[in-house]
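J.: Attaching a single structure in structure tokens format; questions to follow.
Read the figures in this text as sums done on the coordinates, not as results from a lab. Because the structure is predicted, anything quoted here is derived from the model rather than measured. Every residue, glycine as well, gets a Cβ built from its backbone with ideal geometry; the counts of neighbours run over all protein chains shown.
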2 protein chains.
Amino acid sequence: MIRKTRLFTPGPTPLLPAAQFAMAAADIHHRTPEFRALYSRVLAQLKDFVGTKNDVIILSSSGTGAMEASVSNLTSPGDRVLVLTAGKFGERWTALAKAFGCSVDVISKPYGQTFDLNEVKEALKLETRAVFMQASETSTGTSHDVEGVAKLLKEVNSEALLIVDAITGLGTTPLDMDAWGVDVLVGGSQKAVMIPPGLSYLAVSERAWERMEGTYNPRYYFDLRKERKNAKNGESAYTPAVALIAALGAALDYIAAQADGDLAAGRAKLVDNAQVIAKMTREACVALGFKLFSTSPSPAATAVLAPEGVDSGVIVKALKTRFGAIITNGQGEMKGQLFRIAHLGFFDFLDTMALLAALEQVAVTDLKLPNVQFGTALIPAQKVFAEAAAK
Amino acid sequence: MIRKTRLFTPGPTPLLPAAQFAMAAADIHHRTPEFRALYSRVLAQLKDFVGTKNDVIILSSSGTGAMEASVSNLTSPGDRVLVLTAGKFGERWTALAKAFGCSVDVISKPYGQTFDLNEVKEALKLETRAVFMQASETSTGTSHDVEGVAKLLKEVNSEALLIVDAITGLGTTPLDMDAWGVDVLVGGSQKAVMIPPGLSYLAVSERAWERMEGTYNPRYYFDLRKERKNAKNGESAYTPAVALIAALGAALDYIAAQADGDLAAGRAKLVDNAQVIAKMTREACVALGFKLFSTSPSPAATAVLAPEGVDSGVIVKALKTRFGAIITNGQGEMKGQLFRIAHLGFFDFLDTMALLAALEQVAVTDLKLPNVQFGTALIPAQKVFAEAAAK
């Protein structure tokens with residue numbers, strides 16, 4: 001039978017057709033008025049999408065590039081920083097901070113868990129220059145409490161910058177950078193904004209820009225002040241990924257169009273969307289007898305433990321080979337233990353029911369799980385949607 | 001929430017991405033070696049796809065153009081012809097035959113029914129020059145017995161040509177033109193071959209080509225002999241829809257690739273695919289308490305009667321506005337009475353379960369049908385698929 005290949009992965013996520021067309025048509029040079037008009041428009045849209053008064057910078061890199069830019073621009077060798085880590089992406093903050101010579105304090109929680117604010121309070125020193133964390137830890141499908149950490153910082157050490165990897169958090173969880181006092185919010189293109197990988201972006205607070213005046217870690221391609229200066233003229237410092245910027249513009253147009261042109265409201269709708277389909281997925285998985293891996297599940301992606309004695313790779317492979325549905329295995333040490341299903345970006349009710357129907361087929365006919373039959377996963381998912389739709 | 005627009009209509013059907021890309025890239029002139037190579041290749045592929053030794057002609061027109069070509073090329077004014085009709089497309093044969101001055105005998109059955117071979121036998125006269133019928137009547141979701149009619153013709157009047165509109169029959173039902181002795185098989189691009197509307201094609205038997213030597217109905221754009229002559233040189237008589245021909249080539253490549261390069265086997269797989277998802281849909285709809293409209297349901301599209309007192313347009317509209325899922329209402333006098341869900345072409349298990357989940361939501365939360373709950377439609381569909389997959 002026909003098997004369409006479909007991504008249910010937490011990045012890349014499914015592409016928005018209008019963005020694909022814009023990308024295919026983007027035959028323009030980057031040092032022209034046409035590009036400057038496009039770039040200025042997309043930067044302004046992105047600001048509205050992030051929901052901030054801060055300047056937003058786009059980099060032609062993966063999200064890791066923007067994470068590096070946050071470290072290299074905002075720290076100097078020897079700076080004391082605090083990293084909150086409970087997964088692969090938390091560990092990336094630690095590795096980056098160490099690579100740039102920071103003196104790194106780490107609060108490390110087991111994979112699948114989140115942080116205790118009291119522990120964070122204890123670890124915060126007066127010398128802490130910056131705190132790095134994830135809004136959503138994609139490797140474990142876990143939400144972290146950015147608002148709580150931000151509040152704590154204001155109380156305990158208002159000089160420390162708060163730098164948040166919101167790569168899978170933006171568009172899936174409420175994030176109010178300006179009200180909460182987040183200094184840097186990092187995003188990526190292959191996530192809730194529905195375009196391919198290749199762009200990252202950062203919203204940067206005024207006090208973070210001021211911090212950069214005095215820091216002296218080496219940076220060149222990721223020099224944020226240079227990018228900010230160029231952006232004022234509608235240009236990027238180095239050759240930008242033009243087609244992706246055109247795609248991003250089209251995607252932001254689409255998100256705005258979902259809420260009468262209001263990008264902030266469009267983002268709120270995206271958040272609602274992710275939250276409803278995440279809940280559908282969680283309840284379906286629990287009904288199948290699967291355990292959720294995270295104690296603080298993220299609406300960006302659901303991490304599900306494979307049943308006792310089953311390698312999660314078997315489920316990932318069955319979904320791929322039998323149904324063309326691509327989900328992801330656990331990363332690193334969690335490989336074989338869990339699988340992850342994404343909800344961020346361009347997914348709808350039909351996508352979700354379709355994937356859950358395939359997962360139910362795998363549970364019934366491949367895994368032959370006890371107490372599972374057709375309808376076990378689909379019925380609770382239908383109920384979650386009906387309740388959400390009735391609101 | 002996000003609502004992707006998805007076609008579940010019996011033409012246009014969902015587009016194959018590889019065909020979309022080929023279409024977008026088709027920047028070639030039609031009087032060049034490049035186009036001649038493409039056209040010759042696509043004509044040869046189409047022959048394999050139809051599964052015939054007969055020459056196949058492509059026309060830049062909708063399927064109705066190829067239907068007209070069958071009439072205008074194969075009849076002369078005053079010719080006695082027999083039309084089998086039980087729906088909108090059967091009526092189109094009658095209208096075409098009359099438009100070209102034929103003396104038309106009609107076997108007309110109520111919508112949703114098919115023909116009694118004894119009645120056909122009775123209506124066949126020795127003077128009948130041609131018989132026109134549908135393999136699948138799309139307006140009512142009904143399969144007609146082409147093989148039975150072909151057999152009858154051989155017995156009763158072997159001189160009469162059998163001309164079959166297989167626009168939605170090809171790729172959904174077994175059709176063996178050469179073995180059965182069908183003289184003309186008409187197909188369209190926006191159907192099982194997964195590309196947009198704009199092309200039709202006909203496979204034409206040797207004795208039909210011979211018949212054309214003596215017929216004298218007016219034809220110019222649809223002159224099949226002229227097209228056949230040009231096709232031998234890899235060209236079309238008039239400017240062809242180049243992008244659609246490139247798309248058709250890509251789609252036939254895809255269909256072949258499903259069966260190790262064997263297009264006939266690829267078509268057989270398409271037929272199996274349509275038959276499984278049609279059965280999933282039928283059983284789900286029956287479980288919801290809906291009645292099937294046809295006594296001989298076609299695997300191309302399922303026509304479903306709206307429940308007593310419900311306008312089928314309400315269901316069509318709810319699927320569209322709440323879920324972005326486009327199905328079709330009844331045509332003509334059946335508008336408001338039935339809705340139609342397509343299975344032909346680029347649909348898979350996930351598409352089918354997704355649509356049925358949306359239909360179940362409409363049944364439970366909008367129509368509030370008695371004895372219907374979540375799972376009522378989805379569970380039988382899951383069972384049909386599991387049984388088919390176990391074979």
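J.: Could you pull out the trypsin sites (Lys or Arg not before Pro) across the range A:4-96 that fall in loop regions by DSSP (anything but H, G, I, E, B) with no more than 16 other Cβ atoms inside 10 Å?
T.: Those satisfying the criteria are A:R31, A:K53.
J.: Amide H of A:D79: which non-local residues (sequence gap of 5 or more, or other chain) have their own amide H closer than 5 Å, using H built in the peptide plane?
T.: A:S103
J.: Find how many whole Å separate the alpha carbon centroid of the range B:1-24 from the alpha carbon centroid of the range A:275-319.
T.: 30 Å
J.: Length gain on complete extension for the stretch B:K53 to B:R225, per 0.36 nm per residue less the alpha carbon to alpha carbon distance?
T.: Full extension from B:K53 to B:R225 adds 60.2 nm.
J.: What Kirkwood radius, in Å to one decimal, follows from the Cα pairs of the range B:170-294?
T.: Averaging 1/r across every pair of different Cα atoms and inverting gives 17.2 Å.
J.: Which far-off residues, 5 or more places away or on another chain, put their amide H under 5 Å from the one on B:A130, with H placed in the peptide plane?
T.: Amide H neighbours of B:A130, under 5 Å, 5+ apart: B:L82, B:L161.
J.: While we're here: For chain A, modelled as a Gaussian network with Cα springs under 10 Å, which listed residue fluctuates most, A:P297, A:P380, A:P33?
T.: For chain A, modelled as a Gaussian network with Cα springs under 10 Å, the answer is A:P33.
J.: Still on this structure: Can you grab the distance from the C-alpha centre of the range B:351-388 to the C-alpha centre of the range A:354-385, Å, no decimals?
T.: One Cα centre to the other: 13 Å.
J.: With charges only on Cβ, +1 for K and R and -1 for D and E, what is the dipole size of chain A about its Cα centre, in debye, rounded to 20?
T.: 740 debye
J.: For every other residue with a beta carbon closer than 10 angstrom to the beta carbon of A:E159, add +1 if it is Lys or Arg and -1 if Asp or Glu, then tell me the sum.
T.: Local net charge: +2.
J.: Then there is this: For A:D55, which sequence-distant residues (separation of 5 or more, or a different chain) have an amide H within less than 5 Å of its own amide H, given hydrogens modelled in the peptide plane?
T.: Amide H neighbours of A:D55, under 5 Å, 5+ apart: A:V204.
J.: Near A:C285, within a Cβ-to-Cβ distance under 12 Å, what is the net charge of the other residues, with Lys and Arg +1 and Asp and Glu -1?
T.: +2
J.: Please list the radius of gyration and Dmax for the range A:258-391, considering alpha-carbon atoms only, with Å as the unit.
T.: So, for the range A:258-391, Rg and Dmax equal 15.0, 50 Å respectively.
J.: Can you give the angle from 0 to 90° between the axis of helix A:242-257 and the longest principal axis of chain A, with both taken from C-alpha atoms, to the nearest 10?
T.: 70 degrees
J.: Additional query: Give the nm distances, rounded to one decimal, from A:R225 to the matching residue in every other copy, measuring between label points 7 Å along Cα toward the beta carbon; shortest first.
T.: Values, ascending and in nm: 8.4.
J.: When chain B is treated as a GNM, springs tying every alpha-carbon pair under 10 Å, which of B:R207, B:R129, B:R282 comes out with the largest mean-square fluctuation?
T.: Maximum among the listed residues: B:R207.
J.: Another one. Set the Förster distance to 41 Å, then compute FRET efficiency between A:D178 and B:K320 from the Cβ-Cβ distance, nearest 0.05.
T.: For A:D178 and B:K320, the calculated efficiency is 0.60.
J.: Where a Cα-Cα gap under 25 Å defines reach, which lysines qualify for B:K269, not counting those fewer than 8 residues away within the same chain?
T.: A:K4, A:K317, A:K320, B:K47, B:K53, B:K191, B:K279, B:K383, B:K391
J.: Explain nothing, just compute: Karplus ³J(HN,Hα) = 6.51 cos²θ - 1.76 cosθ + 1.60, θ = phi - 60°, for every residue of the range A:354-364 in order, whole Hz, x for Gly and Pro.
T.: 4, 5, 5, 5, 5, 4, 5, 4, 4, 5, 7
J.: Hey, another quick one. Pick from A:I57, A:I277, A:I379: which residue has the top mean-square fluctuation in a GNM of chain A where Cα pairs under 10 Å get a spring?
T.: With Cα springs under 10 Å in chain A, the top fluctuation among A:I57, A:I277, A:I379 is at A:I379.
J.: Now a separate question. Hey, what's the Kirkwood Rh for the range A:189-231 if you take every pair of different alpha carbons, in angstrom?
T.: It is 12.2 Å.
J.: Just add up the charged neighbours of B:I2: K/R +1, D/E -1, any other residue whose Cβ is under 14 Å from the Cβ of B:I2.
T.: So the environment of B:I2 carries a net charge of +3.
J.: A further question follows. Between the label point of B:E387 and that of the same position in each other copy, find the distances and list them shortest first in nm, with every label point placed 7 Å from Cα along the Cα-to-C-beta direction.
T.: Relative to the other copies, B:E387 has label-point distances of 3.4 nm.
J.: I've got another one for you. Along the charge dipole of the protein assembly as shown, which of B:L153, A:T142, B:I315 sits closest to the positive end, that is, farthest toward it, with unit charges on the beta carbon of Lys, Arg, Asp and Glu (+1, +1, -1, -1)?
T.: Of B:L153, A:T142, B:I315, it is B:L153.
J.: Then there's this: In the range A:302-388, which trypsin sites (Lys or Arg not before Pro) are in a loop and have at most 15 other Cβ atoms within 10 Å, using DSSP for the loop call?
T.: Answer by residue number: A:K335, A:K368.
J.: Would you kindly state the longest site-free stretch of chain B, with sites defined as chymotrypsin sites (Phe, Trp or Tyr not before Pro) in a DSSP loop (not H, G, I, E, B) surrounded by at most 15 other Cβ atoms within 10 Å?
T.: With a cap of 15 other Cβ atoms within 10 Å, the longest stretch comes to B:1-215.
J.: OK, next. Ranked by Cβ crowding within 10 angstrom, fewest neighbours first, how are B:L355, B:L367 ordered?
T.: Ascending Cβ contact count within 10 Å gives the list B:L367, B:L355.
J.: If you don't mind, another one. Compute the longest continuous run of chain B that contains no exposed GluC sites (Glu not before Pro); treat a site as exposed when its DSSP state is not H, G, I, E or B and it has at most 15 other Cβ atoms within 10 Å.
T.: Longest site-free region, per DSSP loop and neighbour criteria: B:160-307.
J.: Given the protein assembly as shown reduced to its alpha-carbon atoms as identical point scatterers, what log10 I(q)/I(0) does the Debye formula return at q = 0.07, 0.08 Å⁻¹?
T.: -0.60, -0.75
J.: So what does log10 I(q)/I(0) come out to for chain B at q = 0.13 Å⁻¹, using the Debye formula with one equal point on every Cα and no solvent?
T.: With no solvent term, the Cα-only Debye profile gives -1.06.
J.: While we're looking at this one, here's another question. Give me a comma-separated list of calculated 3J(HN,Hα) values for the range B:56-66, in order, Karplus coefficients 6.51, -1.76, 1.60 applied at θ = phi - 60°, integers in Hz, x for any Gly or Pro.
T.: 10, 10, 9, 10, 8, 6, 6, x, 4, x, 5
J.: List, in order, the whole-Hz ³J(HN,Hα) value for each residue of the range B:234-239 obtained from phi through the Karplus relation with A = 6.51, B = -1.76, C = 1.60 and θ = phi - 60°; use x for Gly and Pro.
T.: Values, residue by residue: x, 10, 10, 5, 10, 4 Hz.
J.: Once the label point is placed 7 Å from Cα along Cβ, list for B:E122 the distances to the corresponding points in the other copies, in nm, shortest first.
T.: Values, ascending and in nm: 9.5.
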